[in-house]
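Worksheet: one structure, shown below.
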Amino acid sequence: MKKKITLLVSAALFCLSTFTLADEITLYSHRHYEYDKVLFKKFSDETGIKVNVVKAGADELIERLKAEGDNSEADLLMTVDAGRLQRAKAAGLLQPVESKLLSERIPAAYRDSEGSWFGVSMRARILAYAKDRVELGELKSYEDLADPKWRGRIVVRSSSNIYNQSLMASIIAEHGVDDARVWAQAVRKNMARPPQGSDRDQIRAVAAGLADVAIVNTYYVGLLINSSEPKDQTVGKGTGIFFPNQSDRGTHVNVSGVGVTKASKNSEAAIRFIEFLVSDEAQAGFPQVSHEYPIVEGAPWSGLLDSWGEFKTDSLELGRLGELNAAAVTVFNEAGWE
Ligand SMILES: [Fe+2]
């Protein structure tokens with residue numbers, strides 16, 4: 001009997017919470033992928049909660065949140081890098097939230113221990129290489145890219161890019177700033193050209209024979225293979241994929257993640273949104289549409305991700321990427337990596 005009453009009460013509470021959920025949430029997003037539109041529409045269809053998306057660079061969104069303070073319309077901040085979320089947390093812009101579902105579904109390394117942000121999809125920063133010019137066994141690790149055997153053979157984008165800054169932060173976490181600087185100087189010397197362009201441009205440069213190895217995020221290879229441009233499809237299909245550091249700490253990974261803002265007046269609906277992003281349905285779409293890895297263990301991969309194979313990931317807590325970001329920028333500058 002007691003059980004029955006508890007059930008009734010919790011059912012009533014559930015209805016009440018559903019009724020009191022906001023019918024609109026505002027998301028500040030730095031994500032730039034087509035999949036998000038599909039995803040947000042699905043969420044709205046299922047919950048009746050409309051998602052207003054404000055898109056800008058992560059730094060710009062963080063500055064905006066600071067300026068708006070408690071008056072901000074934003075309920076959620078979404079970025080393509082855990083380092084930026086950690087920075088937003090440090091600036092007091094995110095609120096800790098508790099969700100049993102989120103803690104259960106997202107591995108601890110990929111979310112903030114206090115619930116200020118949660119990774120929802122994962123990407124690895126890998127080596128894309130020319131299959132006809134790089135020999136089997138030649139590729140090993142990020143560290144090995146400093147070897148003179150790579151002179152004139154590497155392409156990578158500018159150090160102002162957050163993906164490179166987070167990779168550098170992971171190298172500093174492993175080796176310290178002094179060794180990281182020596183590494184960056186040597187890699188800079190081995191570059192086929194000064195850093196320029198996007199990750200996709202680096203893969204295109206390898207395909208064009210300008211260089212043999214590019215440091216890029218996994219999903220860009222998937223985007224090229226599935227491009228509407230036949231030329232890019234050829235580039236993507238011809239590219240070799242190598243996961244570095246498999247014999248030691250594992251490949252550097254990062255997440256797209258999201259946190260509830262301190263200013264949010266609709267935190268229940270905002271949490272519901274994050275929970276939707278890690279639902280089976282949403283997770284299954286990340287590999288298929290944006291070629292990212294799902295964050296939830298056991299969620300299905302795509303045929304393409306399966307073809308690249310399982311790999312060991314660097315187990316560094318992603319919050320460290322934000323804490324070491326300033327050091328990473330300094331090391332790049334000192335090393336002359338533009
Ligand atoms: Fe990206």
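We did not get these values from a lab; they are worked out from the coordinates using the rules stated. Note that this is a predicted model, so its numbers are computed, not measured. For neighbour counting, all protein chains shown are included, and Cβ atoms are generated from backbone atoms with ideal geometry for every residue, glycine included.
General remarks:
- Positive-end residue, the chain charge dipole about Cα centroid, Cβ charges, pick of LEU277, ALA173, GLY115: LEU277
- Cross-link partners for LYS66 among the lysines, with Cα-Cα distance under 30 Å and sequence neighbours closer than 8 places in the same chain left out: LYS37, LYS41, LYS50, LYS55, LYS89, LYS100, LYS262, LYS265.
- Charge tally in the Cβ shell below 14 Å around LYS100, where Lys, Arg are +1 and Asp, Glu are -1, LYS100 excluded: 0
- Bridging of LYS237 to lysines at a Cα separation below 16 Å is possible for LYS131, once same-chain residues fewer than 8 apart are set aside.
- Farthest toward positive dipole pole in the chain [+1 Lys/Arg, -1 Asp/Glu at C-beta], among ALA146, VAL206, LEU85: VAL206
- Semi-axis lengths, Å, the chain, gyration tensor of Cα atoms, sqrt of 5 times eigenvalues: 38, 22, 18
- Gain in span if fully extended, GLU338 to VAL177, counting 0.36 nm per residue against the direct Cα distance: 56.2 nm
- Ellipsoid equivalent to the range 151-234 - semi-axes via the Cα gyration tensor, in Å: 26, 15, 9
- Computed across the range 295-338, the Kirkwood hydrodynamic radius from all distinct Cα-Cα pairs reaches 13.7 Å.
- Unit charges on C-beta of K, R, D, E only; dipole of the range 145-209, Debye: 380
- Beta bridges assigned by DSSP with both partners in the chain are antiparallel in approximately 65 percent of cases.
- Taken over the range 95-202, the ratio of Cα radius of gyration to 2.2 N^0.38 Å equals 1.34.
- Relative contact order of the range 20-68: 51 percent, from C-alpha pairs under 8 Å at least 6 residues apart in sequence.
- For the range 260-320, the pair-distance distribution built from all alpha carbon pairs, in bins 10 Å wide starting at 0, is 19, 36, 33, 11, 1 percent.
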